[in-house]
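A.B. asks: There's a structure below that I have some questions on.
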Amino acid sequence: EKAIYVMEMWRIRDKYDDKDEEICANVVTAFHYFNLYLVKKKENSVSIGLLNVVQAIFNEMVALEPLIKSILKSTQGLVNADRTSLLLVDSNNPELVSTVFQLKFDQELGWVLTKSIGLPINPQIAGYVASSGQALNIPNAYSDDRFDSELDKVTGYTTRSILCMPIKFGEEVIGVVEMINKLNNCIFNNEDEVAFQNTSIFFGLALNNAKLYNDIKRNEQRYKVALEILSYHNTCQDDEVQKFQNDTRLLLTNLNDYYLDPYKLDDFMKYKATITMFDDLFKLSKFDSMAVTKFILTVKKNYRLVPYHNFMHGWSVTHAMYVMLKNIHEQRLTYNMKLALFVACLCHDLDHRGFNNNYLNDTKSPLAAMYSSSPLENHHFSITVTILQQDGHNIFSHLPSEDYKEVLQYIKQCILATDINTAFFPNLAKLNKIVSEHSENKELNWEIPSNRNLVMGLLMTAADLSASAKPWAIHEETVKAIFEEFHNQGDKERKDGRTPIPMMDRNKPEVKAVSQVGFLNQICIPCYSMLCKIFPQTKPMYEMAMENLNIWQSITNNDNLEKM
């Protein structure tokens, strides 16, 4: 019932009749449907344009500048603007500043995107849109007090009309687009505002995604730079290698000795001893000797200066493994297994912080968050791989691909086996079931891979605990270092408002002997006892651990007598 057209026709002769009115009505109807067709055609064109815009921006949404170029080019076509610019709003800056991108057409270069960083946002137009989130449509720029004509004077360009609209992500304005001079001397209208508003949702999504991606890439570059710095400081330098090679002192120590005193060797002698042991077991001539040297020196640099879990401990464990492998005559372990055991011992506590896994988990440290279990042991293996990847440090580079993978897998398995709680106790229970006197299987079936893995884990624990199987003077010195590290952790726990367990409490020195009796009885003796059953040649370790247990037991008994 609404009048939408008026058709007026004039004649100078005859009057109009009913037929003329019918013809006229048909013309109006045809005209009406033609207009509907034009409207639908325009809507379809806008939809296709929107689809093309979305496709274009999402093709470029991982790289910020190509994406912005695509947004500005799409916007120009969408609203028929002569020029467009985008201001990225820096919400972290208290000043209203932005990075400004302008898209211009050059006859030789085509569409060119220019970039200006840290420019203050025009507080009158773009600043208003950025802070309020409201659009501004200015049909006549020079009649609007908010327009600054200085830029036109500098460039010689004449700004007639401006449409300035926000790009939002959620409720936050992340960008402002200025569309300048609608073509054909027209002005921006409501349809232009609606068309941009419909596409700005996708602009916001794409811009936010691209900014996140750029932040990730930037952080990745920061990580690489930090890694380069750490690598430089944690990698042996050429002068250190030269200094070691120029050391002409002879290694006169008998290394094939379970009871060797590691405190009598300085670091350089330990380097020489490591190379000597490596050569004895695996023939250094098969390896790149320079890579082996660099690897050992860099391993030393990656042990922290903590009281116990330092290079002294790493070397002592490696030496214990050497003596065991040297004296085990049964050909039960393959070359790759022995190689992995030796290297795993050298690296098994790399970058240890002097705090145990329980502390890392309780304090929700980043290291604990990285791994679901055994965070320290997983980290030690990770550092091992990092060192191997350093230039000139890959001691396994000569190995065939399959052997290389196997050795690395064994190393990981061996290092993880040094977690007493998650690895040793379950492994010992399985071995007890297999080789106990009451079991039908009196001997280990070495053909079963899982059995060999259990024995490798046992060897790692035996080497790791070897300080308990040293003569009393060496053992006692090591226990002092262990408890100094325990007490440091206890001090940290107390500072954090938590009560340390007695063994970690510096104020309870009387628990040292009792804790050592428990440690030797529950862990060390069962370990060496099982090892003796499998490899009788390791009996000296069991015997010395028993002697130390007896001494600690005597100290405990004397303490109890004094209390009575």
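The values are calculated or read from the model by the stated rules, or taken from the named source; none is laboratory data. On a predicted model such as this, the values are computed, not experimentally measured, just so you know. For neighbour counting, all protein chains shown are included, and Cβ atoms are generated from backbone atoms with ideal geometry for every residue, glycine included. When the accessible area is computed, the model is the full protein with side chains, heavy atoms only, and any ligands, DNA or RNA have been set aside. Shrake-Rupley method; radii C 1.70, N 1.55, O 1.52, S 1.80 Å.
A.B. asks: Counting other Cβ atoms within 10 Å, which trypsin sites (Lys or Arg not before Pro) in the range 349-443 have at most 14 and lie in a DSSP loop? Display every interim value, and only then the final one.
C.D. replies: Working: sites: Arg353, Lys364, Lys405, Lys412, Lys430, Lys433, Lys442; in loops: Arg353, Lys364, Lys442.
Sparse-neighbourhood loop trypsin sites (Lys or Arg not before Pro): Lys364, Lys442.
A.B. asks: Under unit Cβ charges (Lys, Arg +1; Asp, Glu -1), what dipole magnitude, rounded to 20 debye, does the chain have relative to its Cα centre? Don't skip to the end; give the middle numbers.
C.D. replies: Working: 57 positive and 69 negative charges, 203 e Å.
With Lys and Arg at +1 and Asp and Glu at -1, about 980 debye.
A.B. asks: Scan the chain and report its longest stretch carrying no GluC sites (Glu not before Pro) that are both in a DSSP loop and have at most 16 other Cβ atoms within 10 Å.
C.D. replies: Values: sites that count: Glu1, Glu8, Glu95, Glu108, Glu171, Glu330, Glu437, Glu440, Glu443, Glu447, Glu510.
It runs 172-329.
A.B. asks: Would you mind calculating the gained length between Glu191 and Glu220 on full extension (0.36 nm times residue separation, minus the Cα-Cα distance), in nm to one decimal? Mind showing how you got there, number by number?
C.D. replies: On the way: separation 29, 0.36 × 29 = 10.44 nm, distance 4.32 nm.
Length difference between fully extended and current span is 6.1 nm.
A.B. asks: Continuing with this model, one more query. Want the number for Glu484 to Asn140: 0.36 nm per residue separation, take away the alpha-carbon distance, what's left?
C.D. replies: Numbers: separation 344, 0.36 × 344 = 123.84 nm, distance 7.97 nm.
Between Glu484 and Asn140, full extension yields an extra 115.9 nm.
A.B. asks: Same structure again: How much accessible area per residue does the chain have, counting only protein heavy atoms and a probe of 1.4 Å, in square angstrom? It would help to have the intermediate numbers written out before the result.
C.D. replies: Values: 31120 Å² over 564 residues.
For the chain, the per-residue accessible area is 55 Å².
A.B. asks: Pull out a ≥ b ≥ c, the square roots of the eigenvalues of the alpha-carbon gyration tensor of the range 239-296, then state rounded if a/c is under 1.5, prolate if not and a/b is larger than b/c, and oblate in the remaining case. Display every interim value, and only then the final one.
C.D. replies: Numbers: a/c = 2.22, a/b = 1.23, b/c = 1.81.
Because a/c hits 1.5 or more and a/b fails to exceed b/c, the range 239-296 counts as oblate.
A.B. asks: Can you pull out the chymotrypsin sites (Phe, Trp or Tyr not before Pro) in the range 208-310 whose DSSP state is coil and whose Cβ has at most 14 other Cβ atoms within 10 Å? Show your work: numbers first, answer last.
C.D. replies: Working: sites: Tyr213, Tyr223, Tyr232, Phe244, Tyr258, Tyr259, Tyr263, Phe268, Tyr271, Phe278, Phe282, Phe287, Phe295, Tyr303, Tyr308; in loops: Tyr258, Tyr259, Phe287, Tyr303, Tyr308.
Those satisfying the criteria are Tyr259.
A.B. asks: Could you tell me the relative contact order of the range 153-261? Use alpha-carbon pairs under 8 Å, at least six residues apart, and round to a whole percent. It would help to have the intermediate numbers written out before the result.
C.D. replies: Details: 56 pairs, mean separation 19.8, N = 109.
Relative contact order here is 18 percent.
A.B. asks: Which of (i) 28.7; (ii) 36.9; (iii) 49.6 is the computed mean projected area of the Cα convex hull in nm² for the structure on display?
C.D. replies: Given (i) 28.7; (ii) 36.9; (iii) 49.6, the structure-derived one carries the label (iii).
A.B. asks: Once every DSSP H run of n ≥ 4 in the chain is given -39500 (n - 2.57) and the sum is divided by its residues, what mean residue ellipticity at 222 nm do you get, rounded to the nearest 500 deg cm²/dmol? Intermediate results must be reported in sequence, preceding the final value.
C.D. replies: Working: 20 runs with 319 residues, N = 564.
Per the formula, -18500 deg cm²/dmol.
A.B. asks: Here is a follow-up. Please compare each pair in Lys217/Lys270; Lys301/Lys480; Lys301/Lys412 to a cut-off of 32 Å on the Cα-Cα distance and tell me which ones are over it.
C.D. replies: Lys217/Lys270
A.B. asks: Just to verify a number: FRET efficiency for Gln390 and Cys532, C-beta to C-beta distance, R0 = 56 Å, to 0.05?
C.D. replies: Values: r = 40 Å, r/R0 = 0.71.
Computed FRET efficiency for Gln390 and Cys532 comes out at 0.90.
A.B. asks: For the modelled label position 7 Å from the Cα of Met7 along Cα-to-Cβ, which residues of the range 15-45 have backbone nitrogen atoms closer than 19 Å?
C.D. replies: Only 15-39 pass the distance filter.
A.B. asks: With labels modelled as points extended 7 Å from the Cα through the Cβ direction, what inter-label distance (nm, one decimal) is found for Ile23 paired with Ser131?
C.D. replies: 6.6 nm
A.B. asks: OK, next. Classify the range 369-455 as rounded, prolate or oblate from the Cα gyration tensor: take a ≥ b ≥ c as the square roots of its eigenvalues, call it rounded if a/c is under 1.5, otherwise prolate when a/b beats b/c and oblate if not. Display every interim value, and only then the final one.
C.D. replies: Details: a/c = 4.09, a/b = 1.65, b/c = 2.48.
Since a/c reaches 1.5 but b/c is at least a/b, the shape of the range 369-455 is classed as oblate.
A.B. asks: Further question: So what's the angle, to the nearest 10 degrees on a 0 to 90 scale, between helix 335-347 and the longest Cα principal axis of the chain?
C.D. replies: It is inclined by approximately 80 degrees.
A.B. asks: As a quick test, which of the pairs Lys433/Lys512; Lys364/Lys492; Lys243/Lys283; Lys433/Lys470; Lys430/Lys533 have an alpha carbon distance above 21 angstrom in this structure? Let's see the in-between values first.
C.D. replies: Working: Lys433/Lys512 32 Å; Lys364/Lys492 14 Å; Lys243/Lys283 24 Å; Lys433/Lys470 29 Å; Lys430/Lys533 14 Å.
The answer is Lys433/Lys512; Lys243/Lys283; Lys433/Lys470.
A.B. asks: If you don't mind, another one. Mind listing which trypsin sites (Lys or Arg not before Pro) in the range 474-521 are in a DSSP loop and have 15 or fewer other Cβ atoms within 10 Å?
C.D. replies: Values: sites: Lys480, Lys492, Arg494, Lys495, Arg498, Arg506, Lys512; in loops: Arg498, Arg506.
Of the trypsin sites (Lys or Arg not before Pro), the ones in loops of the range 474-521 whose Cβ has at most 15 other Cβ atoms within 10 Å are Arg498, Arg506.
A.B. asks: Using a 1.4 angstrom probe on heavy atoms only, work out the carbon and sulfur share of the accessible area of the chain in %. Show your work: numbers first, answer last.
C.D. replies: Working: 16440 of 31120 Å².
Carbon with sulfur: 53 percent of the solvent-accessible area.
A.B. asks: What FRET efficiency comes out for the pair Ser372/Leu38, r = Cβ-Cβ distance, R0 = 56 Å, nearest 0.05?
C.D. replies: After rounding to 0.05, the efficiency reads 0.30.
A.B. asks: Let me ask another. How tilted is helix 311-327 with respect to the longest principal axis of the chain? Cα atoms for both, answer in degrees (0 to 90, nearest 10).
C.D. replies: Roughly 60 degrees between the two axes.
A.B. asks: Output the 0 to 90 degree angle, nearest 10, between the alpha-carbon long axis of helix 472-495 and the longest principal axis computed from the alpha carbons of the chain.
C.D. replies: The helix 472-495 is inclined about 30 degrees to the chain.
A.B. asks: Along the charge dipole of the chain, pointing to its positive end and built from +1/-1 on Cβ of Lys, Arg, Asp and Glu, which listed residue (Tyr142, Thr384, Leu113) has its Cα farthest out?
C.D. replies: Thr384
A.B. asks: While we're on this one: Compare the Cα positions of Gln197, Leu212, Phe268 along the charge dipole of the range 157-292 (+1 at Cβ of Lys, Arg; -1 at Cβ of Asp, Glu; about the Cα centre) and return the one farthest towards the positive end.
C.D. replies: Of the listed residues, the answer is Gln197.
A.B. asks: Let me ask something else. Let me know the shape class of the range 477-564, please: from the alpha-carbon gyration tensor, a ≥ b ≥ c as square roots of the eigenvalues, rounded when a/c is under 1.5, otherwise prolate if a/b is greater than b/c, or oblate. Working shown, then result.
C.D. replies: Numbers: a/c = 2.99, a/b = 1.65, b/c = 1.81.
Oblate shape, in that a/c is at least 1.5 and b/c is the bigger or equal ratio.
A.B. asks: I've got another one for you. Tell me which of Gly490, Leu408, Asn256 sits at the most positive position along the dipole axis of the chain, charges placed on C-beta atoms (Lys, Arg +1; Asp, Glu -1).
C.D. replies: Working it through, the farthest residue towards the positive pole turns out to be Asn256.
A.B. asks: Measure out, as a whole number of angstrom, how far apart the alpha-carbon centroids of the range 146-174 and the range 514-559 sit.
C.D. replies: 82 Å
A.B. asks: Only Lys, Arg, Asp and Glu count, each charged at its Cβ (+1, +1, -1, -1), so figure out the dipole size of the range 203-256 about its Cα centre, rounded to 20 debye.
C.D. replies: Roughly 320 debye, rounded to the nearest 20.
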